[in-house]
Structures are given as structure tokens and as C-alpha cells.
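Below is one structure; the comments refer to it alone.
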């Protein structure tokens, strides 16, 4: 196959020469490889060139930014996980498998759809593959040290500790929202519309989330559930598959009134300092797109 390989050399705990190693593994499997580092100019242009498969070697940040550009393109993707959290790879069942095994498995792999969402707001339109929300996660991204939360520079355990500290102290956000025309307004410390089974530092927040099912799971944590969320965070390391028993609703279209509180769409935080005053408030309309991104998942 003709493969475009997008590699994040800074993800996880990689060693020198990782790029050459990846290219060699792919070539030995009989593939023709076009390599681009996600840290250098040109990787976006490389996605526009003809390929049978787009492979991402990196963590959630790199997989997400490539996937957002592959929506509706009709070219499948594959993941060689090398980040810290790896929520996308975990949701697809790709973790703890040797790279050689994953590469060999692409020939007869099943195709799994990963839902892609689109959020339209005062800033314009943005695709997302993980989720959007307000409350704890958005407030953490808004902190001066928010870079520590990103997979490339933080251990999962450190991010979890920061989440716990924020859960203890955050004030509920007043949110006016509708999910498929049902009013879900309230005061929430966590309001997350997610498309993946795992978010953040491998948190398993919604029971029924399945890749490609065409639905959001909107997790709604009020003051009444603060202790329940804290209990989950305190015991998370005992079993990473433990489900957080939190209120949630399922739907296809989410609309919320946004007065300018911190709001994240994947790892992008709004309001951005570059936004004009008239772009900092208004209606946010999010929905699951009909064009999902397909991933090769070896048996």
C-alpha cells in the first residue's frame, strides 16, 4: 500500500531513530512510505497527496489533528500508538500490541468508524473527534500550566491529580443547553459531550459509548455528583476499565448558549485571545457528522 506516515517524534518516551525504525517496519511489510513529522511544515500538504492509508504514530493530539482533516476524504487511517494517554487507540482496542503485529494486521483488518463531530459557533466551524465541554476540563486548559495536561509532556497520573484538585474546588457553570430538543440546562461542574469511550487521562465516563454509533454521550455532573466523581478519581488506578457511574444522556445534536465561559473542543480552548468581542458569545451547535473517519483495526 501507499502509506502517508505522520509521526510525532515528541510523543511518549520515544528513543532517537524512531522515525527510521517506523519507516523500516512499514517498508519491510511491503508498503511504500511517505514520511512527515508533525513537528515540521508540510504534514498537512502530505495528507492531500494520493495514499491508500494514512498512518499516525503518536498520541491523541496528533491522531486527532490528522483525523479532523480526513473527515469525508474516504481514505482509512491506522494508529501506531506512542503517546501517554492514547484514548483513541484505547477506544479502538489497539494498546499493548507490538507495532509489528499491528502493521501485519492491516491487510485483513476490519474497518471501524470513529465518529467525527462538527461544532459551529461565533468563531466559525470546527471538527472534533473526542468531544467538547465546559467545567473541569475546560478550566484546566485555561490554566497557565495547561501545557502539562497534554499527552506529550505529562504523565497520566499527574493529569489525574490536577483533575482531582479541580474537582474539589471548581464552581458549577450555569449552562443553557438542549440535546435533540430536550432541555438539559443546569449548573454543572462537568459538562462533556464525548464520542470516545475514554477521555482525558483514560477516564471511562459513559457506559454505552461505542466508536461509530453516531451519538454523543453527554456527561452531566452537578454538585450532587461531586463526591461520586472524586471517589472515581481516587480509585481509578485500581482498574482503568472502571466505569464512572455518572449521569449522562445520548443524542445526535447539542445546542448550548455560550456567554463566554471556558469551552473546549478537543484540545482547543475558547474563547481564544484572538477572537473579537462579537465572536465570544452566541449559540454553539454541535452534531455528529454523517462522514465518519474509518480506522483499520487488526483482529
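Regarding segment 58-72, can at least one residue be identified that is surrounded by fewer than 18 Cβ atoms within 10 Å (Cβ to Cβ), more than 16 Å from the chain's Cα centre (by Cα) and more than 30 Å from residue 277 (Cβ to Cβ)?
Yes.
Scan 254, 275, 283 and give me the residue that is over 29 Å from residue 97 (Cβ atoms) and surrounded by 19 or more Cβ atoms within 10 Å (Cβ to Cβ). Give the derivation first.
Values: 275 fails: surrounded by 19 or more Cβ atoms within 10 Å (Cβ to Cβ); 283 fails: surrounded by 19 or more Cβ atoms within 10 Å (Cβ to Cβ).
Being over 29 Å from residue 97 (Cβ atoms) and surrounded by 19 or more Cβ atoms within 10 Å (Cβ to Cβ) holds for just one of 254, 275, 283, which is 254.
Residues that are closer than 14 Å to residue 3 by Cβ and buried (at least 22 other Cβ atoms within 10 Å of the Cβ): does segment 121-130 have at least one?
no
How many of the residues in segment 25-49 are farther than 20 Å from residue 68 by Cβ, in contact with a strand residue (DSSP E or B) (Cβ under 9 Å, 6 or more places away or on another chain) and exposed (fewer than 15 other Cβ atoms within 10 Å of the Cβ)?
Matching residues across segment 25-49 total 2.
Would you check if there is a residue in segment 221-237 being touching a residue at least 60 places away in the same chain (Cβ under 8 Å), surrounded by 15 or more Cβ atoms within 10 Å (Cβ to Cβ), in the same structural domain as residue 175 (by TED's automatic domain parsing) and under 19 Å from residue 186 (Cα atoms)?
So the first thing to find is which residues in segment 221-237 are touching a residue at least 60 places away in the same chain (Cβ under 8 Å), and the list is 221, 229-230, 233-234, 236-237.
Cutting the leftovers down to surrounded by 15 or more Cβ atoms within 10 Å (Cβ to Cβ) gives us 221, 229, 233, 236.
With in the same structural domain as residue 175 (by TED's automatic domain parsing) added as a condition, the list becomes 221, 229, 233, 236.
Keeping just the survivors that are under 19 Å from residue 186 (Cα atoms) gives 221, 229.
Yes, segment 221-237 contains a residue that is touching a residue at least 60 places away in the same chain (Cβ under 8 Å), surrounded by 15 or more Cβ atoms within 10 Å (Cβ to Cβ), in the same structural domain as residue 175 (by TED's automatic domain parsing) and under 19 Å from residue 186 (Cα atoms).
Hey, can you tell me all the residues within segment 195-210 that are within 16 Å of the chain's Cα centre (by Cα) and in a loop (DSSP other than H, G, I, E, B)?
195, 196, 197, 200, 201, 202, 205, 206, 209, 210 - these are the residues of segment 195-210 that are within 16 Å of the chain's Cα centre (by Cα) and in a loop (DSSP other than H, G, I, E, B).
Step by step: first the residues of segment 220-248, then only those that are at pLDDT 95 or above and under 21 Å from the mean Cα position of the chain (by Cα), then the one that is nearest to residue 194 (Cα to Cα). Which residue is that?
220
Would you kindly identify the helices (runs of 4 or more DSSP H) lying entirely within segment 1-90 that contain at least 2 residues that are in contact (Cβ under 8 Å) with a residue 40 or more places away in the chain and farther than 23 Å from residue 289 by Cα? Please lay out each step first, then the result.
On the way: elements: 18-28, 43-46, 60-70.
Of the helices (runs of 4 or more DSSP H) lying wholly inside segment 1-90, those with at least 2 residues that are in contact (Cβ under 8 Å) with a residue 40 or more places away in the chain and farther than 23 Å from residue 289 by Cα span 18-28.
Condition check ((1) assigned by TED's automatic domain parsing to the domain that holds residue 251; (2) more than 28 Å from residue 67 (Cβ to Cβ); (3) outside any strand (DSSP E or B); (4) out of contact with any strand residue (DSSP E or B) (no Cβ under 6 Å at 6 or more places or on another chain)) across all residues:
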site: 165; (1), (2), (3), (4): yes, yes, yes, yes
site: 174; (1), (2), (3), (4): yes, yes, no, no
site: 178; (1), (2), (3), (4): yes, no, no, no
site: 187; (1), (2), (3), (4): yes, yes, no, no
site: 193; (1), (2), (3), (4): yes, no, no, no
site: 212; (1), (2), (3), (4): yes, no, yes, no
site: 219; (1), (2), (3), (4): yes, no, no, no
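Could you tell me how many of the residues in segment 93-126 are part of a helix (DSSP H, G or I) and modelled with pLDDT under 90? Outline the logic, then answer.
As a first pass, look at segment 93-126 and keep what is part of a helix (DSSP H, G or I): 99-108.
Filter once more, keeping what is modelled with pLDDT under 90: none.
Final tally of qualifying residues: 0.
The values are calculated or read from the model by the stated rules, or taken from the named source; none is laboratory data. What you see is a predicted model, and the numbers here were worked out from it, not measured in a lab. For neighbour counting, all protein chains shown are included, and Cβ atoms are generated from backbone atoms with ideal geometry for every residue, glycine included.
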